[in-house]
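Notes follow the structure.
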Amino acid sequence: MKSPLLSLPGAVPAEGVDEGVAAHYGDLFREQRALAGGDGFVDLSHRGVVTVTGADRLSWLHLLLTQHVSDLPAHRATEALVLSANGHVEHALYLVDDGETVWAHVEPGTQGALIAYLESMKFFYRVDVADRTDDIAVVHLPAGSIAEVPEGVVVRETPYGRDLFLPRADLEAYAEGAGPAAGLLAYEALRVEQHRPRLGFETDHRTIPHELGWIGTAVHLQKGCYRGQETVARVQNLGKPPRRLVFLHLDGSEVHLPAHGTEIRVAGEGEGEGRRIGFITTSVRHHELGPVALALVKRNVPLDARLLAGDTAAAQEAVVEP
């Protein structure tokens with residue numbers, strides 16, 4: 001779905017999974033600085049929006065998600081995962097309950113599969129699941145923003161800012177008074193700085209929550225009875241995950257950023273500069289830190305190891321401890 005805000009001056013369309021919104025509006029670093037200072041907004045209208053209504057909505061979701069939501073207070077934001085039977089991450093939901101409806105935004109294009117799973121688990125519960133992507137657009141206001149929120153709009157407030165579930169028909173009118181617009185590249189740069197994983201970027205088909213630091217933020221360890229719980233409990237109690245998320249400082253002299261999936265090797269080992277120990281998940285240019293990235297590496301890689309992301313030298317900071 002193509003956002004009408006792509007008609008704003010300077011808008012350059014994003015590509016891949018983020019197609020449909022602006023990557024930037026002509027000045028990436030200016031847009032980043034605005035967001036970091038609490039100004040402007042980000043058009044996330046390409047994200048999927050799913051709602052759950054009905055008297056049993058919270059108790060039912062509690063059985064399916066990794067998060068404790070049976071007693072979720074109205075208007076309190078949280079996030080949750082759907083895992084496979086083997087504990088691998090399948091969906092990530094960013095949700096809030098407004099007292100009558102649970103609202104969640106999810107990665108672009110994943111809402112269909114998520115809804116199919118939820119529908120298959122309804123049984124006798126009094127719930128209704130709906131895809132609201134066609135009529136609701138997600139808009140992000142950064143932390144510190146004093147922009148007004150239209151009356152009646154559902155808000156998901158987090159330490160990183162506010163996500164608005166805005167009627168899609170009101171998107172252009174809202175943008176006129178909420179500027180300056182910041183593109184997705186600016187939003188992603190701040191996400192990487194904050195070490196926040198994203199489904200489909202930091203995850204692959206075998207990712208478990210422990211690898212990305214989702215324990216505590218999206219996985220509640222004092223609840224049970226959800227698919228994949230056995231893996232979560234086993235790793236938490238008996239071992240450590242095979243991989244861990246790291247934050248990389250990249251060599252700033254390189255012109256190109258290493259792409260998603262670029263192999264990471266230990267530098268100085270010969271044979272093509274060492275064994276493969278991980279891969280780049282997201283790389284960005286940050287307005288203060290320069291080129292940085294998130295990556296998944298093997299758990300036992302020493303913290304002081306000199307790394308190469310493709311041909312780019314990299315130094316790591318631990319996000320998930322070894």
Based on the mean of other Cβ atoms within 10 Å per residue, sort peptides 262-268, 167-173 so the most packed one is first.
262-268, 167-173
State the antiparallel share, in %, of DSSP beta bridges confined to the chain, rounding to the nearest 5.
95
Order the peptides 308-316, 110-118 from the highest to the lowest mean number of other Cβ atoms within 10 Å of their residues.
308-316, 110-118
Quotient of Cα radius of gyration and Kirkwood radius for the range 171-322, i.e. Rg/Rh, equals 1.04
With the 1.4 Å probe rolled over protein heavy atoms, the range 177-277 has an accessible area per residue in Å² of 47
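I need the chymotrypsin sites (Phe, Trp or Tyr not before Pro) found in the range 136-189, filtered to DSSP loop residues with at most 16 other beta carbons within 10 Å of theirs.
Tyr160
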Accessible area expressed per residue, the range 1-118, with surrounding protein chains retained (probe 1.4 Å, Å²)
37
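If you take the Cα atoms of the chain, find Rg, then find the Kirkwood Rh from the mean of 1/r over all pairs, what is Rg/Rh?
Working: Rg = 20.1 Å, Rh = 20.6 Å.
Result: Rg/Rh = 0.97.
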For the chain, build the charge dipole from Cβ charges (+1 Lys, Arg; -1 Asp, Glu) around the Cα centre, then report which of Val21, Gly213, Ala92 sits farthest towards its positive end.
Gly213
Of every hundred units of 1.4 Å-probe accessible area on the chain, the number belonging to carbon and sulfur atoms, as a percent, is 50
Relative contact order of the chain, please, whole-number percent, based on alpha carbon pairs below 8 angstrom and at least 6 residues apart.
19
Theoretical gain in end-to-end length, Thr53 to Arg33 [0.36 nm per residue, Cα-Cα removed]:
3.4 nm
Residues in the range 35-74 that a label on Met121 would reach, taking backbone N under 18 Å of a point 7 Å out along Cα→Cβ:
49-72
Sequence of Tyr125, Tyr94 when ordered by accessible area, the most exposed leading, probe 1.4 angstrom:
Tyr125, Tyr94
The range 61-167: translational diffusion in µm²/s, Stokes-Einstein, Kirkwood Rh over Cα pairs, 20 °C, 1.002 mPa s:
144
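The values are calculated or read from the model by the stated rules, or taken from the named source; none is laboratory data. Note that the structure is predicted; figures quoted are calculated from it, not measured. Cβ sites come from the backbone with ideal geometry, for glycine too, and all protein chains shown count toward neighbours. Note: accessible area is taken over every heavy atom of the protein model, side chains too, but ligands, DNA and RNA are not part of it. Shrake-Rupley method; radii C 1.70, N 1.55, O 1.52, S 1.80 Å.
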